[in-house]
Amino acid sequence: MQIPLWRNIVASVLGESLHVLPVAEHSARGAALLAGVSTRWFPETLLTEVVPVSLRIDPNSRHRRTYDDCFGCYRTLAERLSSAAQERD
């Protein structure tokens, strides 16, 4: 996730802060750390020691409300379209 706007959108949609790592391969490192913690190979507290954070992106609560409203509209539309498609079959 290299684009700042996309990071802000993700943080706001999830309602969680994003911690950006100063390394190129975020996915591989994250997968390895997740595997280690989930299998109890190493404690979760180790993450704060081995994962350097170069940037923290906090969610925007105003944008979060807008995304939640839009998602509600999407769900309503999806349900109606699904019902219409089933009636048509």
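What the table shows:
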{"item": "From the options Arg80, Arg62, residue that is loosely packed, with under 11 Cβ neighbours inside 10 Å, in contact with a helix residue (DSSP H, G or I) (Cβ under 9 Å, 6 or more places away or on another chain) and basic (Lys, Arg)", "result": "Arg62"}
{"item": "Residue in the stretch 27-41 that is more than 18 Å from the chain's Cα centre (by Cα), among the aliphatic types (A, V, I, L, M), surrounded by 10 or more Cβ atoms within 10 Å (Cβ to Cβ) and modelled with pLDDT under 85 present", "result": "no"}
{"item": "Search result, residues across the stretch 1-35 that are in contact with a helix residue (DSSP H, G or I) (Cβ under 8 Å, 6 or more places away or on another chain) and part of a helix (DSSP H, G or I)", "result": "Asn8, Ile9, Ser12, Val13, Leu33"}
{"item": "Residue check, Pro59 assigned to a loop (DSSP other than H, G, I, E, B), in contact with a Leu (Cβ under 8 Å, 6 or more places away or on another chain), within 18 Å of Val13 (Cβ to Cβ) and touching a residue at least 24 places away in the same chain (Cβ under 8 Å)", "result": "yes"}
{"item": "Counted residues, the stretch 36-56 - those being hydrophobic (A, V, I, L, M, F, W, C), farther than 20 Å from Val10 by Cα and either in contact (Cβ under 8 Å) with a residue 40 or more places away in the chain or not in a loop (DSSP other than H, G, I, E, B) (or both)", "result": "4"}
{"item": "Matching residues in the stretch 42-67 - criterion: being among the aliphatic types (A, V, I, L, M) and modelled with pLDDT under 85", "result": "Leu46, Leu47, Val50, Val51, Val53"}
{"item": "Matching residues in the stretch 3-22 - criterion: being farther than 14 Å from Arg64 by Cβ and surrounded by 12 or more Cβ atoms within 10 Å (Cβ to Cβ)", "result": "Arg7, His19, Val20, Leu21"}
{"item": "Filter pass, Val20 being in contact with a Ser or Thr (Cβ under 6 Å, 6 or more places away or on another chain), modelled with pLDDT under 85 and hydrophobic (A, V, I, L, M, F, W, C)", "result": "yes"}
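The values are calculated or read from the model by the stated rules, or taken from the named source; none is laboratory data. Every value quoted in this text rests on a predicted model; they were computed, and no experiment measured them. Reconstructed Cβ throughout: ideal geometry from the backbone, glycine too, with neighbour counts over all protein chains shown.
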